[in-house]
Structures are given as C-alpha cells and as structure tokens.
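Data first, discussion second: the structure below is written as structure tokens.
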Amino acid sequence: MFLILWILLVLYPNPVKLFVSIHRVFNFDVNAGAVEFMLDDFPADPVAVEKEILERLPYYYDWEVHSMPWYFPTVEEVVQQDKGDCKARALMLASVLEGKGIPYRVNVSPIHVWVDYEGKEENSVENAEVKFYQEDPATGKKWFQIPEIDIKEVLDSFWQGFWDAMPDGRKILLLSGLVAMITARVVLFRKNIVA
C-alpha cells in the first residue's frame, strides 16, 4: 500500500489532477469560445485546419508541459501554454472545428487521442481498429470497443511518455523511495524472524 501511495505522490504531487484528467477523457470539454480569437486564421477545410494546428502546436510530453506523466488539459490551458501532446492537439482541433461548424468525432486509443472528420485519412495510430472510445458531440453518442493494438506499441509508448520524459530528479526520488521502503520491509521481516 505504501509503495502505491509513494508512486502516486511522486508522479502526482496533487493526485486530484489525475482524477480530473480521467474524468476529462470521457467528458471531452471542447470550447470554441477559447479559440474564437483565432478562428479567422483557419481555413474551412478540416484537413487544412488539422495541418495548421499540428504546425502551430509543437508536440511536448505532459512531463514537459504539466510536470506530471499524464494530464488532460483544458482548451484554455492549451491556448495559454501553446504546446502539448495529442490530447492538447485534439482539444484544439475539436474546438476550432466546433467554432467553424465542421462536424467531428473524438477518438481515444490506449496510446492516442485524435479527432475524426469527413475526409480524414487513417494511419497506424488513428484508425477504427485501435480506438477503445469514441464520442460524437453532434449526437451525444459515446461508445466503447476492445481495441486491436499491438501490446508492444502500447508499452513502447508508455515507456517514452512516462519514463524517458520523466525529469531525472523525479526518477531519483521515485527509485530512492522505493528502495528505502523495500529495504525497510526486508529489515523488519528479518527482525520478526529473529525475534
């Protein structure tokens, strides 16, 4: 129990942010008002809008933007930080499409969040087989499915985003705490055997 608590507190000094993020995955909070000031900069073609969003919003892991391994931001946070990962880019794209009146659907896979629209071409990480959750804001319909995704791809993605991107100080803190707790457990176990 202490190990899990230690890991949680090192990764999320404010654990509420983890629970808020989980809630936001299934309650995708698009906000066209937050991007209204930039709507005139975007074309009416959703493919061109997505290309523009990807160019404007450089990709950064959540560790680099939010100082935690996984965080689902608000549109306002994305606009303010002007960078982010797939969640940030999907939020921004959906908000711009909403503001322009272009229909879209939000998709979530174990390793990616993306926006579908008419004319969107599928690729290896954005396709019908890998999604496990989809939401259509026009109808309010939400559905789940078992994703068909290579487990190695999932593990590689988690390793890159969680461990590789983790600041060295957090890695040291996490590992030293784990070693200290395991050492204390072993010492207490040995004392109980001797006694």
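Couple of notes before you dig in:
- Pairing residues of the range 39-56 that are closer than 17 Å to residue 79 by Cβ and in contact (Cβ under 8 Å) with a residue 40 or more places away in the chain with residues that are assigned to a helix (DSSP H, G or I) and acidic (Asp, Glu), at Cβ distances under 8 Å and at least 6 apart in sequence or on separate chains, gives 42/52.
- Counted residues, the range 130-144 - those being surrounded by 12 or more Cβ atoms within 10 Å (Cβ to Cβ) and either of a type in the set (Asp, Glu) or farther than 12 Å from residue 106 by Cβ (or both): 4
- Counted residues, the range 118-138 - those being out of contact with any His (no Cβ under 9 Å at 6 or more places or on another chain) and over 15 Å from residue 94 (Cβ atoms): 9
- When residues of the range 17-35 are limited to those that are touching a helix residue (DSSP H, G or I) at 6+ places or on another chain (Cβ under 6 Å) and farther than 20 Å from residue 71 by Cα, the one surrounded by the fewest Cβ atoms within 10 Å (Cβ to Cβ): 32
- Restricting the search to helices (runs of 4 or more DSSP H) fully inside the range 82-195 and requiring at least 1 residues that are touching a strand residue (DSSP E or B) at 6+ places or on another chain (Cβ under 8 Å) gives 86-99.
- Residue within the range 130-142 that is in contact with a Leu (Cβ under 9 Å, 6 or more places away or on another chain), of a type in the set (Gly, Ala, Ser) and over 20 Å from residue 14 (Cα atoms) present: no
- Residue match in the range 39-56 (condition: touching a strand residue (DSSP E or B) at 6+ places or on another chain (Cβ under 6 Å) and part of a helix (DSSP H, G or I)): no
- Number of the condition not met by residue 106 [criteria: (1) of a type outside the set (S, T, N, Q); (2) surrounded by 11 or more Cβ atoms within 10 Å (Cβ to Cβ); (3) over 30 Å from residue 44 (Cα atoms)]: (3)
No lab work stands behind these numbers, since they all come straight from the coordinates. If you're wondering where the values come from, they're calculated on a predicted model, not measured in any experiment. Ideal geometry is used to build each Cβ from the backbone, glycine not excepted, and the neighbour counts take in all protein chains shown.
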